[in-house]
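For reference, the structure is listed below as structure tokens.
Derivation of every value follows stated rules applied to the coordinates shown; laboratory data play no part. Everything numeric here is computed off the predicted structure, so don't read it as measured data. When we count neighbours, we look across all protein chains shown, and the Cβ atoms used for this are built from the backbone with ideal geometry, even at glycine.
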Amino acid sequence: MKRSTQVLVQVRGTQNPWLVLLRPRIAVMVMMMALLGAAVVPGFSWGSAIEAALLITLVTGSASILNQVLERDTDALMERTRMRPLVTGEVSVGAALIYAVVLGAVGVTGLAVRFNLLSALLSMATLVSYVVIYTPVKRISTTNTVVGAIPGAAPPLLGYAALAGNVGPWAWCMFAVIFAWQFPHFFAIAWIYREDYRRAGFRMLPTISDAKGLAGCHGTLYALALVPVALLPISSGLAGWTYGIGVTLLSLLYLVASIRFALHENRRCARSLVLVSLLYLPLWAVLILIDPFLTGSVR
């Protein structure tokens with residue numbers, strides 16, 4: 001039996017294709033960030049925060065499925081995506097479209113009915129910007145990373161808007177942090193899978209130039225910017241010393257990993273950077289949540 005057939009059998013035997021379409025790891029991250037945005041709203045309740053986070057995750061899940069519908073041909077060209085349900089035929093295009101529309105409609109309507117119109121409109125804007133703007137731009141320009149980073153940074157802002165009915169300073173601070181965080185993360189991934197992206201025709205820095213250190217240097221600039229950006233809650237009077245010390249150390253670790261990748265540009269350093277990036281957000285979230293208890297500040 002060929003390896004591709006073995007992998008297909010394994011995927012079909014162990015994972016529900018409808019769940020795979022949602023890209024569970026990303027969905028969990030979205031839910032966590034939306035929950036974090038809701039959790040900094042004064043007087044929030046965990047029940048409402050979880051409900052809002054689930055509805056936001058439905059909307060972003062819809063966007064992800066629509067993206068896979070549009071990119072099913074290019075996904076078939078890449079090793080890392082060739083086993084997705086739309087490529088293997090486990091789920092038809094029509095069924096995926098219905099699935100996406102239902103999830104998006106439930107999410108947006110739920111936010112409008114259960115929370116407020118602002119969060120519903122912002123979630124819809126996030127979906128549209130990801131599917132209608134970011135997805136086609138990936139084949140046109142390297143600016144797709146910047147374009148995609150906008151909806152990518154939206155979950156905490158959406159969570160905050162759902163519970164507060166407005167977009168306050170904490171929401172913008174979290175949006176800024178996640179916006180800057182994404183670049184070292186995605187440049188490292190793009191470098192690791194550069195041959196995949198070339199085959200698919202995606203315009204990423206590592207696919208348009210073989211210049212050593214190009215992706216790493218660009219990522220390092222954003223990692224450097226992340227250090228002061230992550231301290232915005234301190235300068236805004238939103239967080240205390242626990243957050244300040246912790247996030248500074250965390251951001252410096254991310255910066256060091258980015259510099260190592262820029263200097264050496266090898267697979268080991270790229271994977272190390274990705275690992276640090278994946279640790280950054282959960283630890284950053286913990287700092288935000290524990291800071292009021294350790295500093296005695298009232299949120």
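Quick notes on this one:
- Simple Cβ-charge dipole of the chain, Lys/Arg +1 and Asp/Glu -1, about Cα centre, in debye nearest 20: 760
- Ranking of Ile98, Ile189 by count of other Cβ atoms within 10 Å, fewest first: Ile98, Ile189
- For region 109-170, trypsin sites (Lys or Arg not before Pro) meeting the loop criterion (DSSP other than H, G, I, E, B) and having at most 15 other Cβ atoms within 10 Å: Arg139.
- Environment charge of Thr74, counting only residues whose C-beta is closer than 15 Å and scoring Lys/Arg +1, Asp/Glu -1: +4
- Residue-averaged [θ]222 nm for the chain, counting only DSSP H segments that reach four residues, each worth -39500 (n - 2.57): -24000 deg cm²/dmol
- Between Arg198 and Ser236, the modelled labels are 4.2 nm apart [label points 7 Å from Cα along Cα→Cβ].
- Length released on extending from Leu252 to Leu279, taking residue separation times 0.36 nm less the Cα-Cα span: 8.4 nm
- Listed from fewest to most Cβ neighbours within 10 Å, the set Ser92, Ser251, Ser272, Ser258 follows the order Ser92, Ser272, Ser251, Ser258.
- Largest mean-square fluctuation among Ser236, Ser129, Ser48, in a Gaussian network model of the chain whose springs join Cα atoms under 10 Å apart, belongs to Ser236.
- Approximating the spin labels as points 7 Å out from Cα along Cα→Cβ, the Ile50-to-Trp18 distance works out to 2.2 nm.
- Placing unit charges on the Cβ atoms only, positive for Lys and Arg and negative for Asp and Glu, gives region 169-299 a dipole magnitude near 340 debye about its Cα centre.
- Farthest positive-ward along the chain dipole, Cα basis, beta-carbon charges - from Ala190, Asn67, Ser236: Ala190
- Positive minus negative residues near Thr220 (Lys, Arg vs Asp, Glu; Cβ under 15 Å): +1
- Distance from the C-alpha centroid of region 31-83 to that of region 241-271: 26 Å, rounded to the whole angstrom.
- Test item: Cα-centred dipole of region 32-88, Lys/Arg +1 and Asp/Glu -1 on Cβ, debye: 80
- Candidate membrane-span-like segments in the chain, meaning DSSP H helices with Cα atoms spread over at least 24 Å of their own axis and a Kyte-Doolittle mean of -1.0 or above, are 46-70, 93-114, 169-192, 241-264, 267-295, with no membrane implied.
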